[in-house]
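Okay, structure first, notes after.
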Amino acid sequence: MRRLGWETAAPTDHTFVFADWWTGARKNIRKEARKCFDSVVICICWLLWKERNARTFDRQVNTIDDLLCRTADEIVLWFHAGLKHLDFVVVALGRLTGRAILNGVESCNLVILGWFPNL
């Protein structure tokens, strides 16, 4: 959220009800960026739901790093599927196309997550 300038929208230790957080957080986002914010929240919820199902039904567990990469990938997919209001996030992630290749290995966009800042 920091990379997007949405620090004030981040949940706190006193956040207990998701809907209350979301409606309150939207008020801290510029009006023209709220649609983008809402789409990112929905995307993250969708991916968390899919992760929950994978753990529950398929006994598959992904790392947080995997989830971050999947989130970035999914946001880019949604952008390419027509949600052009996500352009702000796609640019902030440094991604306009598919996965970057780093020394012959998929980096899963580690550059955008700040793990390889010199690239």
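The values are calculated or read from the model by the stated rules, or taken from the named source; none is laboratory data. Since this is a predicted model, take the numbers as computed values, not measurements. Glycine gets a Cβ as well: all are built from the backbone with ideal geometry, and neighbour counts include every protein chain shown.
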Kindly provide the set of residues from the stretch 1-32 that are of a type outside the set (D, E, K, R), outside any loop (DSSP other than H, G, I, E, B) and surrounded by fewer than 17 Cβ atoms within 10 Å (Cβ to Cβ), ordered by number. Thr8, Phe18, Ala19, Thr23, Gly24
Those residues of the stretch 1-20 that are at pLDDT below 80 and touching a helix residue (DSSP H, G or I) at 6+ places or on another chain (Cβ under 8 Å) come to a total of 2
For the stretch 20-54, enumerate the residues that are of a type in the set (A, V, I, L, M, F, W, C) and closer than 17 Å to Lys84 by Cβ. Ala33, Cys36, Phe37, Val40, Ile42, Cys43
Of the residues in the stretch 99-113 that are more than 11 Å from the chain's Cα centre (by Cα) and closer than 17 Å to Cys43 by Cβ, the one that is modelled with the highest pLDDT is Cys108
Please go through the stretch 68-89 and pick out each residue that is more than 9 Å from the chain's Cα centre (by Cα) and assigned to a helix (DSSP H, G or I). Val76, Leu77, Trp78, Phe79, His80, Lys84, His85, Leu86, Asp87, Phe88
Identify all residues within the stretch 9-24 that are over 13 Å from Asp38 (Cβ atoms) and polar (S, T, N, Q); write none if there are none. Thr12, Thr15
